[in-house]
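This report concerns only the one structure given below.
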Amino acid sequence: MRNYELIYILKPNLEEDVKEAVLAKVQAIVEEGKAEIEKVDVWGNRKLAYEIQDFTDGYYVLINFKAGVDVPKEIDRNLKISDAVIRHMIVNIED
């Protein structure tokens, strides 16, 4: 099991239930892969460093989790096809 950090940015004008659905989807993928979420940190709406898809703000969520190599690939695949996500990044954290 490796330590990973996932940060994703959602469109700021989404309904609250859509934001929660994206978070629930990520948590479900982690649980299906028999991995564990260590911490979920919702930062909320923040100013973007530069404009992305005509948005100047974004809804940030940071998740730390432990998993095998297949789980981050599946999360990446799902976030790429989600219309709600404007950016995401998964990083392997070295101990």
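The set of residues in region 41-58 that are in contact (Cβ under 8 Å) with a residue 24 or more places away in the chain and closer than 20 Å to K80 by Cα comprises L48, I52, Q53, F55, D57, G58. E31 passes every criterion in (1) of a type in the set (D, E, K, R); (2) at pLDDT 90 or above; (3) at negative phi apart from (2). Quick one: would you say V22 is of a type in the set (A, V, I, L, M, F, W, C), in a helix (DSSP H, G or I), touching a Phe, Trp or Tyr at 6+ places or on another chain (Cβ under 8 Å) and open to solvent by less than 60 Å² (accessible area, probe 1.4 Å)? The answer is yes for V22. Within region 65-81, the set of residues being in a helix (DSSP H, G or I), loosely packed, with under 15 Cβ neighbours inside 10 Å and of a type in the set (A, V, I, L, M, F, W, C) comprises just one member, I81.
The values are calculated or read from the model by the stated rules, or taken from the named source; none is laboratory data. Please read all numbers here as calculations on a predicted model, not as lab measurements. Here Cβ is always computed from backbone atoms with ideal geometry, including for glycine, and neighbour counts include all displayed protein chains. Remember, those area values only see protein heavy atoms, side chains included, never the ligands or the DNA or RNA. Shrake-Rupley method; radii C 1.70, N 1.55, O 1.52, S 1.80 Å.
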